[in-house]
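The values are calculated or read from the model by the stated rules, or taken from the named source; none is laboratory data. Quantities reported herein were computed from a predicted structural model and do not represent experimental measurements. A quick note on method: Cβ atoms are made from the backbone with ideal geometry, for glycine too, and the neighbour counts reach across all protein chains shown. SASA here: full protein model, heavy atoms, side chains in, ligands and nucleic acids out. Shrake-Rupley method; radii C 1.70, N 1.55, O 1.52, S 1.80 Å.
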Amino acid sequence: MSLASSASITNQRLDAARRLIELAQSSDEAWLISSLENSAMFQLRSALNGLLQEVKLAYRLSGKLDIASLLREAQEKQSLVPVLIELNDLLQQASSWCSQLISLYQQQLDCHMNQAAVDRTNLIGVGSDDSASLNLYLSKLTDLVLRFREESSEY
């Protein structure tokens with residue numbers, strides 16, 4: 001797979017996430033909003049994997065699509081990969097967008113209910129803030145992807 005096709009896949013995932021978030025925000029059906037938000041989360045996590053694939057190809061790394069593994073391999077090859085360092089730093093902070101995205105994705109994958117979200121949906125007139133969080137994750141991830149590509153094109 002070429003770097004260009006990896007970038008295209010990452011772009012498609014980011015666009016799909018954006019569209020799913022927009023659909024969730026325009027829906028009045030709680031079950032549909034939840035489904036669309038979960039689908040958007042999947043697309044965002046897939047886009048993160050797409051970015052890792054781009055990094056892997058750009059730096060000729062062979063490890064699995066895992067931030068720590070790729071960073072370790074890059075360090076062993078004495079390569080400085082700023083995007084991996086930044087992602088690793090974000091993972092160390094539980095309140096960072098990256099840690100939250102990965103944690104929420106894993107909760108969904110493991111079918112763990114977010115009790116706060118369940119409680120909110122039972123209240124009349126109180127909407128979910130999941131779309132706002134997903135928009136933040138989308139924005140931050142898109143910024144990171146664009147910075148990585150800009151830095152990569154300079155070399």
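Sequence-ordered 3J(HN,Hα) estimates for region 15-25 from the Karplus curve with 6.51, -1.76 and 1.60 and θ = phi - 60° stand at 5, 4, 4, 4, 5, 5, 5, 4, 5, 4, 5 Hz, glycine and proline given as x. Computed from label points 7 Å out along Cα-Cβ, the spacing between residue 88 and residue 103 is 2.1 nm.
Projecting the Cα atoms of 25, 47, 79 onto the dipole axis of region 14-84, where Lys and Arg carry +1 and Asp and Glu carry -1 at the beta carbon, places 79 farthest toward the positive end.
Enclosing the Cα atoms of region 28-98 in their convex hull gives a volume equal to 95 cubic angstrom per residue. Counting only protein heavy atoms and a probe of 1.4 Å, the accessible surface of region 1-84 is 51% carbon and sulfur. Residue 22 label point, 7 Å along Cα→Cβ, cut-off 15 Å on backbone N: hits in region 31-45? Label zone hits: 40.
With a 1.4 Å probe and all protein chains kept in place, how do 151, 54, 22 rank by accessible area, largest first?
Values: 151 70, 54 5, 22 90 Å².
Accessible-area ranking of 151, 54, 22, largest first: 22, 151, 54.
Only protein heavy atoms count here; on that basis, with a 1.4 Å probe, residue 59 has an accessible area of about 60 Å².
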